[in-house]
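Read-outs throughout are calculated quantities, based only on the coordinates presented, and are distinct from any laboratory measurement. Computed from a predicted structure; not experimentally measured. Neighbour counts run over all protein chains shown; Cβ positions are idealised from the backbone, glycine included.
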Ligand code: 5AD
Ligand code: SF4
């Protein structure tokens with residue numbers, strides 16, 4: 001069967017911000033090929049599912065999504081499965097789901113136009129090469145941006161935490177070059193971005209010769225028109241002196257650090273191969289607080305790692321209470337085939353995981369609400385990012401990544417405004433704009 005070349009596309013992203021970034025770059029590439037984003041997703045000629053493999057349900061969701069792509073009249077779009085499920089499952093996907101025409105890994109999506117042409121000739125394609133950073137040189141220039149933009153600076157991971165698939169799906173740690181990143185950051189700002197979030201599976205492992213992420217942030221700080229810099233996700237072992245110092249002396253670097261710890265128990269951290277301890281993690285937080293007293297912390301947690309006892313879990317709870325996270329992500333351990341932890345003895349029953357996750361999340365939600373309450377009555381800067389549900393309402397972010405709703409006649413997306421915080425909910429704040437700080 002041959003297919004007409006697609007005129008419309010839709011991209012569905014799962015998982016982390018790295019996928020959001022990759023999805024944007026794919027969209028730019030399709031636009032450069034003369035394709036348009038489908039208004040009606042259900043009738044798009046090409047559907048890209050940009051998948052995540054980090055936990056079980058994510059992959060299952062993809063298979064059920066593929067099943068739904070067949071239409072009542074028997075036709076179907078060209079279906080491309082991209083991202084980490086593609087990398088991990090490879091040709092198995094097309095065997096399990098005959099609707100799938102293209103399986104493309106996260107390092108090979110710049111080849112999508114050629115792959116689509118191959119599908120047009122009636123063939124199916126699998127491309128799971130991990131050729132380093134080739135794709136970045138082959139993608140078209142950045143196009144119009146929202147007020148906030150992502151910039152992938154680093155990919156892959158060498159840490160091999162025993163529960164995690166990322167080192168297998170995204171490959172070894174590899175950094176994009178200094179000059180190329182500064183050019184892309186400038187292009188993003190020229191295209192309208194006011195805030196750039198630097199991304200990487202291990203973003204703080206970014207390096208180019210002697211330069212580390214702290215040095216990169218110091219150079220980006222000099223870009224006129226850029227107001228805010230953030231970065232995620234970091235590993236405790238890569239928090240260099242220079243990066244910690246940047247939190248004290250780079251004003252554009254927002255006072256927010258997402259630093260996953262996973263567990264508060266040294267025994268479990270060792271079994272996870274995290275190569276940091278509870279104390280060394282807490283010491284890093286102290287050092288960042290020392291240079292930036294108003295820093296807010298966020299983290300990732302896994303409950304029910306194999307062998308986790310009640311006592312181990314209590315160590316996690318006490319670490320959470322001690323830190324007072326502004327927000328955090330927490331997950332039940334999910335055994336991923338091929339990872340060392342999947343074969344460990346003493347897998348934890350799901351009921352035990354459920355109970356622990358509930359207790360942990362109750363604490364994290366309470367801490368987030370307390371953090372938000374603390375901003376009540378204060379004045380803060382908000383970067384307006386998107387329209388709200390009410391007429392004249394805009395939603396933006398505080399420096400601490402809190403969502404702030406403002407009724408803002410006369411203001412626009414992309415404005416940085418000074419706001420009095422008048423109301424605090426568990427997940428977001430309301431505020432009244434005082435004046436425009438910068439256009
Ligand atoms: N099970 C549960 N959570 C996991 N994560 C990574 N792998 C697993 C797994 N096998 C979580 C970690 C990581 C976040 C991105 O996802 O907390 O920091
Ligand atoms: Fe996975 Fe650990 Fe690497 Fe994070 S640091 S991506 S959890 S292996």
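If each residue's Cβ is checked for other Cβ atoms within 10 Å, how do 302, 11, 295 rank with the fewest at the top?
On the way: 302 27, 11 23, 295 19.
Exposure proxy ranking, most exposed first: 295, 11, 302.
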### Message
From Cα pairs below 8 angstrom and at least 6 apart in sequence, can you work out the relative contact order of the range 1-131, rounded to a whole percent?
### Response
25
### Query
P(r) for the range 129-199: what percent of alpha-carbon pairs falls in each 10 Å bin, starting at zero?
18, 43, 29, 10, 0
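Under 1.5 on a/c is rounded, so check that first for the range 40-147, then, if it is not, pick prolate when a/b is larger than b/c and oblate when it is not; a ≥ b ≥ c are the square roots of the alpha carbon gyration tensor eigenvalues.
Working: a/c = 1.39, a/b = 1.27, b/c = 1.10.
Judged from the Cα gyration tensor, the range 40-147 comes out rounded (a/c under 1.5).
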### Query
What is the spread of the Cα atoms of the range 314-434 along each of their three principal axes, largest first, in whole Å?
61, 30, 21
## Note on the structure
extent check for the range 375-439: Cα max minus min per principal axis, descending, whole Å, gives 26, 24, 17
## Note on the structure
Cα-based Rg then Dmax for the range 154-270, in Å, read 15.0, 49
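Can you sort 178, 206 so the residue with the fewest Cβ neighbours within 10 Å comes first? Mind showing how you got there, number by number?
Working: 178 17, 206 28.
The order, fewest Cβ neighbours first, is 178, 206.
Label the range 203-282 by shape, choosing from rounded, prolate and oblate, from the square roots a ≥ b ≥ c of the eigenvalues of the Cα gyration tensor; if a/c is under 1.5 it is rounded, and otherwise prolate applies when a/b is larger than b/c, oblate when it is not.
Numbers: a/c = 2.91, a/b = 2.16, b/c = 1.35.
Since a/c reaches 1.5 and a/b is larger than b/c, the shape of the range 203-282 is classed as prolate.
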### Query
Over the range 158-280, what is the percentage of antiparallel beta bridges among all DSSP beta bridges, to the nearest 5?
25
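Under 8 Å for C-alpha pairs, at least 6 residues apart: give me the relative contact order for the range 149-221, rounded to a whole percent.
Numbers: 95 pairs, mean separation 30.3, N = 73.
Across the range 149-221, relative contact order equals 41 percent.
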### Query
Quick one: Cα centre-to-centre distance for the range 126-176 and the range 81-100, in angstrom?
19
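How big is Rg to Rh over the chain, alpha-carbon atoms, Rh as the Kirkwood inverse-mean-distance radius?
Values: Rg = 22.4 Å, Rh = 23.2 Å.
Here Rg/Rh amounts to 0.97.
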### Task
Work out the FRET efficiency for residue 251 and residue 351 from their Cβ-Cβ distance, taking R0 = 45 Å, and round it to the nearest 0.05.
0.40
### Message
If I stretch the segment between residue 386 and residue 358 completely, what's the gain in nm (0.36 nm per residue apart, minus their alpha carbon distance), one decimal?
### Response
6.9 nm
#### Entry: the chain, relative contact order [Cα under 8 Å, separation at least 6], %
10
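Taking square-rooted eigenvalues a ≥ b ≥ c of the alpha carbon gyration tensor, is the range 193-337 rounded, prolate or oblate, where a/c under 1.5 means rounded and, failing that, a/b exceeding b/c means prolate?
Values: a/c = 2.15, a/b = 1.91, b/c = 1.13.
Prolate is the answer for the range 193-337, as a/c is 1.5 or above and a/b outweighs b/c.
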